[in-house]
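For reference, the structure I am asking about is given below.
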Amino acid sequence: MTTSENVLRPTPIYSGIKDDTFCNPTKTRNYNAQFNKIYTHRTNELKSRVMKMANPKWSGVEVNGMKPKFVPKVLDVPSLKPVYIIGTTLADMKFKPDVLKEVELSVQGHFTELKELVNDAGGSNKDFSDLRQSSYSDPETDKIWLEDESGRILLTGDVLTKKIIVTGLVVAVLGMEIESGIFHVVDIVYPEPAPQRDINLSENTAGKLLLTGGLNISDKSKFDYLEILKSWIFGEFDDEKAKYVAEMMIVGNSLDITSNDVKMKSEKNKYAESFNMNYSERPTKYLDTYISELLQSIPISVLPGPRDIVELGLPKQPLHHSLFPISSKLQNFKRLTEPSFYDINGLRILVSSGEPVNDIMKYIIPNLKSEGDLKDCLFKDSRLRIIEDMLLWQVIAPTAPDTLWCYPFENTDPFTLKETPHVYIVGNQPRFETSVVELQRKNGDVVSIRVIALPDFDDTKSVVLLDLQSLSCEIVAFECTA
């Protein structure tokens with residue numbers, strides 16, 4: 001194999017139905033809505049699914065010799081009697097961003113205090129990727145509340161230290177009120193997993209999906225490894241793996257518009273300084289040319305990421321076609337939303353550029369009280385546990401809109417899973433990790449999901465190949481000897 005024409009690739013099969021789960025056209029947007037409607041809709045969607053799992057699990061148990069009863073409202077919890085309640089979690093943390101406090105200080109002219117607040121909360125004056133320094137957590141003061149339409153109650157108990165608990169989870173907790181307003185938890189139940197489609201075996205033909213992300217192309221970039229990747233895809237390294245690639249997916253952060261330093265213009269110009277655009281034509285031209293050349297050999301789909309030229313809030317809409325004047329003219333080029341459901345070869349794939357995972361990481365670092373796999377998550381900078389737990393929670397962006405920007409949806413919460421994918425891919429993570437998660441539904445059916453944490457190409461010089469039949473995956477690393 002020496003040219004792209006010599007590589008006889010598998011042809012991917014698509015459903016032909018455009019998925020609009022995360023589409024949010026600008027012409028239909030309305031910013032008058034309150035953000036709490038998202039949580040209301042999430043609770044309405046998941047409460048009955050939580051109840052389906054809680055009732056059979058706790059119907060035969062005893063706490064202190066008594067059978068627990070379900071209490072519909074958290075403010076009606078009796079004292080010292082075992083009960084279980086359902087609500088939405090709220091993580092009260094010392095260093096969480098406080099927009100109202102920032103606006104108040106800015107209006108009052110307290111710029112020194114404002115700067116300290118932003119620094120403490122991991123704001124624009126800190127390196128966004130340094131999660132340990134920008135953590136929201138202070139283990140000495142952190143509190144977890146459970147709230148519903150009646151009010152909220154404080155949760156305590158050792159079981160909480162073994163779980164990842166962030167704002168926005170709809171759960172049931174078993175325990176008792178040991179003091180007024182304090183509920184001691186002994187067990188937690190999550191929502192019933194959403195149904196999973198059967199894999200369409202007639203379409204599930206052989207082929208591999210090449211996954212990459214975090215190209216982070218900027219004015220400072222050197223393109224040697226990207227050119228090596230292109231040569232590998234074209235078959236110029238005579239690697240048998242390359243000819244089985246049916247499609248390439250770039251999962252966010254193709255560009256890095258944050259690579260140039262942003263200077264503060266004035267104390268009063270804080271918000272303009274935070275969102276100053278550092279646009280350069282050279283990276284976008286290179287990206288378009290690079291993709292257009294690859295499109296001669298394989299189909300390519302691209303998701304936006306937080307470093308791309310795209311809106312700040314979730315769900316991010318596809319990168320604008322004007323960024324790809326050459327590639328957009330080709331039919332095998334697709335611009336996807338972030339996150340996105342994607343159908344290929346009979347599979348249902350959910351893919352995200354990783355913003356929600358990176359935000360959740362700030363809730364659990366540096367909480368070193370945790371043991372076991374959660375402690376490994378902290379010390380090894382592993383994201384796999386978080387990604388797996390998102391499937392348990394049935395919410396892929398629980399901290400939106402609390403600490404993650406999103407559109408104020410009125411009648412829906414697109415981040416709540418109404419179906420379970422076959423594969424869940426999360427891009428822009430520190431390293432490659434993968435596992436298979438098995439979730440049991442109330443009727444006994446087990447849904448299996450391949451989970452993939454995809455590393456930055458810019459950092460690791462590696463890509464991941466997902467086998468579209470076996471759902472096995474492997475990493476391919478590149479070296480530059482020149």
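The values are calculated or read from the model by the stated rules, or taken from the named source; none is laboratory data. Please read all numbers here as calculations on a predicted model, not as lab measurements. We place every Cβ from the backbone using ideal geometry, glycine too, and count neighbours over all the protein chains shown. Surface accessibility is based on the protein's heavy atoms, side chains included, excluding ligands, DNA and RNA. Shrake-Rupley method; radii C 1.70, N 1.55, O 1.52, S 1.80 Å.
Can you tell me which of (1) at pLDDT 95 or above; (2) open to solvent by 30 Å² or more (accessible area, probe 1.4 Å); (3) in a helix (DSSP H, G or I) is the one Pro195 doesn't meet?
For Pro195, the exception is condition (3).
Does Gly213 satisfy the condition of being touching a residue at least 24 places away in the same chain (Cβ under 8 Å) and out of contact with any Gly (no Cβ under 6 Å at 6 or more places or on another chain)? Quick ask: steps written out before the conclusion?
Details: touching a residue at least 24 places away in the same chain (Cβ under 8 Å): yes; out of contact with any Gly (no Cβ under 6 Å at 6 or more places or on another chain): no.
No, not satisfied.
Only one of (1) in contact with a strand residue (DSSP E or B) (Cβ under 8 Å, 6 or more places away or on another chain); (2) at pLDDT below 90 fails for Pro430. Which number is that?
Looking at each condition in turn, Pro430 falls short on (2).
What number of residues within region 211-237 are open to solvent by less than 40 Å² (accessible area, probe 1.4 Å) and in contact with a Cys (Cβ under 9 Å, 6 or more places away or on another chain)?
The qualifying residues number 2.
Here is a yes/no grid of residues against (1) open to solvent by 50 Å² or more (accessible area, probe 1.4 Å); (2) in a strand (DSSP E or B):
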| position | (1), (2) |
| --- | --- |
| Asn443 | yes, no |
| Ala453 | no, yes |
| Asp458 | yes, no |
| Leu465 | no, yes |
| Leu471 | no, no |
| Ile475 | yes, yes |
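Name, by its number, the condition in (1) out of contact with any strand residue (DSSP E or B) (no Cβ under 8 Å at 6 or more places or on another chain); (2) open to solvent by 50 Å² or more (accessible area, probe 1.4 Å); (3) closer than 17 Å to Ile349 by Cα that does not hold for Glu438.
Of (1) out of contact with any strand residue (DSSP E or B) (no Cβ under 8 Å at 6 or more places or on another chain); (2) open to solvent by 50 Å² or more (accessible area, probe 1.4 Å); (3) closer than 17 Å to Ile349 by Cα, only one is false for Glu438: (1).
Which ones in region 64-75 are of a type in the set (D, E, K, R) and not in a loop (DSSP other than H, G, I, E, B)? Even if it seems obvious, please write down each step before you answer.
Keep residues of region 64-75 that are of a type in the set (D, E, K, R), which gives 67, 69, 73.
Within region 64-75, Lys69 is the sole residue that qualifies.
Can you tell which of Pro408, Pro398 is modelled with pLDDT of 95 or more, farther than 30 Å from Asn200 by Cα, assigned to a loop (DSSP other than H, G, I, E, B) and open to solvent by less than 10 Å² (accessible area, probe 1.4 Å)? So that I can check it myself, show each step before the final result.
Working: Pro408 fails: modelled with pLDDT of 95 or more.
Answer to the check: Pro398.
OK, next. Among the residues of region 418-435, what is the count of those that are assigned to a strand (DSSP E or B) and either open to solvent by 30 Å² or more (accessible area, probe 1.4 Å) or not assigned by the TED database to the domain that holds Ile449 (or both)? Working first, answer last.
If we filter region 418-435 for residues that are assigned to a strand (DSSP E or B), which is where we start, we get 423-429, 433-435.
Add one more test, that the residue is either open to solvent by 30 Å² or more (accessible area, probe 1.4 Å) or not assigned by the TED database to the domain that holds Ile449 (or both), and what stays is 434.
Of the residues in that region, 1 qualify.
Let me ask something additional. Restricting attention to region 56-63, does a residue exist that is open to solvent by 40 Å² or more (accessible area, probe 1.4 Å) and outside any loop (DSSP other than H, G, I, E, B)?
Step one: of region 56-63, the residues open to solvent by 40 Å² or more (accessible area, probe 1.4 Å) are 56-57, 59-62.
So of that shortlist, the ones also outside any loop (DSSP other than H, G, I, E, B) come out as 56-57.
Yes, some residue in region 56-63 is open to solvent by 40 Å² or more (accessible area, probe 1.4 Å) and outside any loop (DSSP other than H, G, I, E, B).
Can you tell me which residue within region 238-259, out of those that are within 19 Å of Pro10 (Cβ to Cβ) and in a loop (DSSP other than H, G, I, E, B), is most open to solvent (accessible area, probe 1.4 Å)?
Asp238
Here are some residues: Asp187, Asp219. Which one is of a type in the set (D, E, K, R) and modelled with pLDDT of 95 or more?
Values: Asp219 fails: modelled with pLDDT of 95 or more.
Just one listed residue meets the conditions, Asp187.
Now for a different question. Restricting attention to strands (runs of 3 or more DSSP E) lying wholly within region 143-189, give those where 2 or more residues are more than 27 Å from the chain's Cα centre (by Cα) and in contact (Cβ under 8 Å) with a residue 60 or more places away in the chain. It would help to see each step written out before you state the result.
Values: elements: 143-148, 151-156, 170-179, 182-189.
Correct list: 151-156, 170-179, 182-189.
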